[in-house]
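Beneath this line is the structure, given in structure tokens, with notes to follow.
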Amino acid sequence: MSKVDIAVVDYGMGNLRSVSKALEHVAPGKNVVVTSRPDEVASAERVVFPGQGAMPDCIRELIARGLRGAVLDAAKHKPFLGICIGLQMLFDHSEEGDATGLGLFKGNVKRFAAADMVDSLGKKLKVPHMGWNQVYQSHQVNSQPHVLWQNIADGARFYYVHSYYVQPDDESIISGLSHYPKRFTCAIAKDNLFAVQFHPEKSANAGLQLLSNFVNWSPS
Amino acid sequence: MGLAKRIIPCLDVTAGRVVKGVNFLELRDAGDPVEIAKRYDDQGADELTFLDITASSDNRGLILHIIEEVASQVFIPLTVGGGVREVEDVRRLLNAGADKVSINTTAVLNPQMVQDAATKFGSQCIVVAIDAKKVENQPFEWEVFTHGGRKATGLDAVKWAEYMVSLGAGELLVTSMDRDGTKIGFNNPLNRAISDAVEVPIIASGGVGNLQHLVDGVKEGGADAVLAASIFHYGEYTIKQAKEYMAKHGIEVRS
């Protein structure tokens, strides 16, 4: 088995080609592997944990493939990037199908509440939240933004498509915020882990920059 | 500030080339799909839609190789439609690099397929395309057509939109056949009726001739995204010009 630089965790839910193509684009020469093998996830230098579809199905498939342990271990010990449902699954619980998550972080995954979905002019806002929204680089603990925001303007737009968002109990892990129409957490960071609600692999230059920052990240 | 309204250039593809027709007929060549996709990405397009426009009527296969090539070079969302008949077609397109798949004729012939695809891959990647035409001989205003606009269905477009969302469509692409290629503007009453009836985003399509039409599509038609082909393909306007114009008229866009 050749050395795996970046493992993209595949548990059979949706399209991972976009993620692997974007990683290959920002990390030429690196061995990017889309894998459902726990040993490959365990041996990889860094791990990307994407996700699409419904969280209960994602959790079920992850466990069915024996990947739960390898993903949790990677999330604690090596550069780790969660994307979309890959962020949501890190929490205790989701309102979506009353699902139990991986429990790495305390908090809930909530649906955009129908009663809130009007803009400042009183017009209806659609769910899913689909399209390009601004991301504000929250940095409550340090005065510096996280290194994964390097060379990305505060307020840059990223591409989203989701109906649920995470609500961490511990606000110190919040590393990015967006508004729809209320403020919600779109990025969290802790030690070697970074996870985002938007899709960097579909967010043009801002997204490619974030992936490039991840690929070159050496968390202390 | 919040969610931006999207501008989506549409690439109608047949036999490996981008073409543009008038009222779905009289096709004109507009160039190579990969080159055009890259150009629009550079100009700041928010998303790209590829429609294999003769797939259903001519029983032609999918445009997988084009999507594969575009997906390795362009990192914005890609929607692909045309000739999507079964759940397995959705998988093939997603594996080739599509982010969303647009279903039109098959949704009418077999609505269960929309539900199956949404359950399997998630609503976020299932777009239902509705081709609608104003009719006089029905108890409703707009009727759904299939097979590239060749077959009437007897379905009310607004009710149909609601039904498709109930089955799991995550977005609707609403094309006015009366307006397509005419350059007289979107059918805003049609788009508004559908947008107000459903929770999911709608993409307005058919009839854009100038930049004010894009503004009207959002403000009057309630569109979450606006789709256009010919004004961009033939260099009349760039995506950037379109965004500047929309921003000047109070519409939030990604610059």
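The values are calculated or read from the model by the stated rules, or taken from the named source; none is laboratory data. As the structure is a prediction and not an experimental result, all values here were calculated from the model. Here the Cβ positions follow ideal geometry from the backbone for every residue, glycine too, while neighbour counts run over all protein chains shown. Surface accessibility is based on the protein's heavy atoms, side chains included, excluding ligands, DNA and RNA. Shrake-Rupley method; radii C 1.70, N 1.55, O 1.52, S 1.80 Å.
A:LEU62 meets all of the listed conditions (1) in contact (Cβ under 8 Å) with a residue 24 or more places away in the chain; (2) open to solvent by 10 Å² or more (accessible area, probe 1.4 Å); (3) farther than 27 Å from A:ALA206 by Cα; (4) away from chain B (no Cβ under 12 Å) but one, namely (2).
Taking the condition assigned to a strand (DSSP E or B) and open to solvent by less than 20 Å² (accessible area, probe 1.4 Å), does A:VAL48 pass? Working first, answer last.
On the way: assigned to a strand (DSSP E or B): yes; open to solvent by less than 20 Å² (accessible area, probe 1.4 Å): yes.
Yes; evaluated as a whole, the condition is true for this residue.
Restricting the first member to the stretch A:149-176 and to residues that are more than 10 Å from chain B (Cβ to nearest Cβ) and over 24 Å from B:PRO77 (Cβ atoms), and the second to residues that are open to solvent by 30 Å² or more (accessible area, probe 1.4 Å) and among the β-branched types (Val, Ile, Thr), the beta-carbon pairs closer than 6 Å and six or more apart or on different chains are A:SER172/A:VAL141.
How many of the residues making up the stretch A:99-124 are more than 17 Å from the chain's Cα centre (by Cα) and crowded, with 18+ Cβ neighbours inside 10 Å?
Residues flagged as more than 17 Å from the chain's Cα centre (by Cα) and crowded, with 18+ Cβ neighbours inside 10 Å within the stretch A:99-124 amount to 2.
For the stretch B:185-255, the helices (runs of 4 or more DSSP H) that sit wholly inside it and include 2 or more residues that are open to solvent by 10 Å² or more (accessible area, probe 1.4 Å), on the phi < 0 side of the Ramachandran plot and of a type in the set (A, V, I, L, M, F, W, C) are B:188-197, B:211-219.
Of all the criteria given as (1) more than 26 Å from B:PHE75 (Cα to Cα); (2) open to solvent by 50 Å² or more (accessible area, probe 1.4 Å), the one not satisfied by A:GLU96 is (2).
The residue of the stretch A:186-200 that is farthest from the other protein chains (Cβ to nearest Cβ), among those that are open to solvent by less than 10 Å² (accessible area, probe 1.4 Å) and not hydrophobic (A, V, I, L, M, F, W, C), is A:GLN197. The set of residues from the stretch B:90-119 being open to solvent by 10 Å² or more (accessible area, probe 1.4 Å) and either of a type in the set (Asp, Glu) or within 8 Å of chain A (Cβ to nearest Cβ) (or both) comprises B:ASN95, B:ASP99, B:ASP116.
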